[in-house]
Amino acid sequence: MMNRAIQVCGLKKSYDSNIVLNGLDFEIEKGETFALLGVNGAGKTTALECIEGLKKYDSGTITVNGKMGIQLQSSSLPAHIKPMEAVRLFAKWNRAKIDFTMLNALGIQEIEKKQYIQLSTGQKRRLHLALALIGNPDIIFLDEPTAGLDTLSRVSLHEQIRKRRSQGKTIVLASHDMAEVENLCDRIAILNNGNIAFCGTATELTDEIGEKYFIHIKTRQGNSTFETDNIEDTLVLLLNDLKQKEIHILDIKVDRGTLEQHFIEIARSKTE
Amino acid sequence: MNGFFYGVALQWKLDIRSKSLFVTCYIVPLIFFLLMGGIFTSVMPEMGSTLIQSMIVMSVSMGAFIGLPPSLIETYASDIKKAYKANGVPICLGLVTMFLSAYVHLMITCVVIVLLAPILFKATLPAQLPFFFLALAIYIIVSLSIGSVLGLTIKNQAKLTMIAQLVFLPSIMLSGIMFPIELLPDFLETIGQIFPASWGYRLMLDNGFCLENLWYLIFIFFTAVMVCGIILKKQKAK
């Protein structure tokens, strides 16, 4: 238990007759970056809030070893508060000194004159991350930290998360962004219908669902998407085919599929 | 403790920035005071002896029943309350800071009325100022405790506007501040007694500071504290 930051056993939570968490079991090691993945309504936020102590659960046990820092979701501060006022308030509550280097890195001082209601989504998320980091916590909880952010804000936030990781902090994040999770996390748990459908590393997930890519091609004739497990061969074939037919390519994009697509794969493999 | 005082001071600033409390604690009561003070004392010069108490009952009722509850709804009917839990701070802290901040706002308005009324309208100052201010402090606390119950029990602003008026209007119309309570039909006089305004008004009048006028306010305050405690306990349990 000494090396475990968090241990969750048989966690159950329901709202009236709607079962949201149906007996979750997982452990998170100290210094690990762990992701809870799931589509909207999968129970990620509920699971996080139960662990954080923000929500009561019906049954099960949760053990947390270390001081927690919680990045709250947007709309969890008064509309007219200014960022530095929130920082000072949280610092006083946590009896912590303000880390101006961290605030600078997150660009909080640039927005100090604005009120919370005037901040963009990205600025709000940066502020909430700063507030979560104020007490120098051992375990940092991040709920969809980069949802709705532009690329620059996303990169800057990822840098901050990596920095905390290199300091040996345990990071638990809920997300529905596969790429983000692959980039940042050591292990992933996928929530589906209140259960953990998968728990392991990104490589283990790839092994489970197989190599899968989606090629999106935009031409004057329209858009087409091709699914493949051999990206090089399929791309060559497609490009040759289009060249032969003298079809001009306007745009081409390759991705590894959305989380929903992976879910379908995982769910299919579980039922087969 | 440092965090607590910073929280109260910050809340005080936030109240000024959020126009609703600023308007209901300062702008409307003071405009009402300037207008009605002139009208009352020119139509019925004898009202000069109770003008300060009348205007204070109106100002405190407006600030407490219409000004405070929206701030409480903003916190307790939203995710803002999670900020307290996430930082290991008691969930009642929001209520306490908002209560104290609103108390300071209302006291400032009342002091302005006490200072301006004799100059502008030749109103009579209360004979025993220490008892008057003690009665005023008690009345503000009791009114804010009712405002707190409204803010914690009602979950949306539209409903609040309606219910707050159901408390505010009878407090003003049936408390005796606009016209003598003896002129009202008996049943309206009885209804008027339900609201703390008539008790607070009598408590602030010269020689009015006695247990006969005080017991009901104490009863209302402790009932409101109990209701707030139960609501916050329920919220915490969720």
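Overview of values
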{"quantity": "Test: residue in the stretch A:25-40 that is buried (at least 16 other Cβ atoms within 10 Å of the Cβ), within 14 Å of chain B (Cβ to nearest Cβ) and within 21 Å of the chain's Cα centre (by Cα)", "calculated": "no"}
{"quantity": "Residue tally, condition of a type in the set (Gly, Ala, Ser) and within 27 Å of residue A:165 (Cα to Cα), over the stretch A:178-230", "calculated": "5"}
{"quantity": "Residue check for residue A:173: in contact with a Pro (Cβ under 7 Å, 6 or more places away or on another chain) and either among the hydrophobic types (A, V, I, L, M, F, W, C) or part of a loop (DSSP other than H, G, I, E, B) (or both)", "calculated": "yes"}
{"quantity": "Flag if residue A:121 is at pLDDT 90 or above, out of contact with any helix residue (DSSP H, G or I) (no Cβ under 6 Å at 6 or more places or on another chain) and β-branched (Val, Ile, Thr)", "calculated": "no"}
{"quantity": "Any chance residue B:75 is buried (at least 16 other Cβ atoms within 10 Å of the Cβ), within 14 Å of chain A (Cβ to nearest Cβ), assigned to a helix (DSSP H, G or I) and free of Cβ contacts under 8 Å to residues at least 24 places away in the same chain", "calculated": "yes"}
{"quantity": "Residue that is within 14 Å of another protein chain (Cβ to nearest Cβ) and either touching a His at 6+ places or on another chain (Cβ under 7 Å) or not aliphatic (A, V, I, L, M) (or both), where the choices are A:124, A:169, A:163", "calculated": "A:124"}
{"quantity": "Criterion: surrounded by fewer than 22 Cβ atoms within 10 Å (Cβ to Cβ) and within 17 Å of residue B:11 (Cα to Cα) - qualifying residue of B:160, B:100, B:120", "calculated": "B:100"}
{"quantity": "Of all residues in the stretch A:76-114 being surrounded by 15 or more Cβ atoms within 10 Å (Cβ to Cβ) and polar (S, T, N, Q), the one that is farthest from the other protein chains (Cβ to nearest Cβ)", "calculated": "A:94"}
{"quantity": "Meets criteria (modelled with pLDDT under 90, assigned to a strand (DSSP E or B) and not small (Gly, Ala, Ser)) for residue A:254", "calculated": "yes"}
{"quantity": "Pairs with Cβ under 6 Å, 6+ apart, first in the stretch A:191-206 and free of Cβ contacts under 8 Å to residues at least 40 places away in the same chain, second buried (at least 17 other Cβ atoms within 10 Å of the Cβ)", "calculated": "A:201/A:187"}
{"quantity": "Test: residue B:107 is surrounded by fewer than 22 Cβ atoms within 10 Å (Cβ to Cβ) and at pLDDT below 95", "calculated": "no"}
{"quantity": "Enumerated helices (runs of 4 or more DSSP H) restricted to the stretch B:1-69, each holding at least 2 residues that are in contact (Cβ under 8 Å) with a residue 24 or more places away in the chain, within 14 Å of chain A (Cβ to nearest Cβ) and not basic (Lys, Arg)", "calculated": "B:2-17, B:19-22"}
{"quantity": "Filtered residues of the stretch A:53-71 (kept if buried (at least 17 other Cβ atoms within 10 Å of the Cβ), under 17 Å from residue A:164 (Cβ atoms) and either facing another protein chain (nearest Cβ under 7 Å) or among the charged types (D, E, K, R) (or both))", "calculated": "A:70"}
{"quantity": "Residues being surrounded by 19 or more Cβ atoms within 10 Å (Cβ to Cβ) and either among the aromatic types (Phe, Trp, Tyr) or closer than 14 Å to residue A:43 by Cβ (or both) - total across the stretch A:179-203", "calculated": "7"}
{"quantity": "Which listed residue is crowded, with 21+ Cβ neighbours inside 10 Å, out of contact with any strand residue (DSSP E or B) (no Cβ under 7 Å at 6 or more places or on another chain) and in a helix (DSSP H, G or I), from B:188, B:166, B:150", "calculated": "B:150"}
{"quantity": "Condition check for residue B:83: within 14 Å of chain A (Cβ to nearest Cβ) and either in a loop (DSSP other than H, G, I, E, B) or not hydroxyl-bearing (Ser, Thr, Tyr) (or both)", "calculated": "yes"}
{"quantity": "Test for residue B:80: is it surrounded by fewer than 24 Cβ atoms within 10 Å (Cβ to Cβ), within 30 Å of residue A:50 (Cα to Cα) and modelled with pLDDT of 85 or more", "calculated": "yes"}
{"quantity": "So residue A:13, is it within 14 Å of chain B (Cβ to nearest Cβ), surrounded by 16 or more Cβ atoms within 10 Å (Cβ to Cβ) and touching a Ser or Thr at 6+ places or on another chain (Cβ under 8 Å)", "calculated": "yes"}
{"quantity": "Residue tally, condition in a loop (DSSP other than H, G, I, E, B) and closer than 17 Å to residue A:162 by Cβ, over the stretch A:139-148", "calculated": "2"}
{"quantity": "Boolean, residue B:93 is more than 11 Å from chain A (Cβ to nearest Cβ) and either closer than 23 Å to residue B:104 by Cβ or buried (at least 20 other Cβ atoms within 10 Å of the Cβ) (or both)", "calculated": "no"}
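The values are calculated or read from the model by the stated rules, or taken from the named source; none is laboratory data. Only a predicted model underlies this, so the values are computations on that prediction, with no experimental measurement involved. Here Cβ is always computed from backbone atoms with ideal geometry, including for glycine, and neighbour counts include all displayed protein chains.
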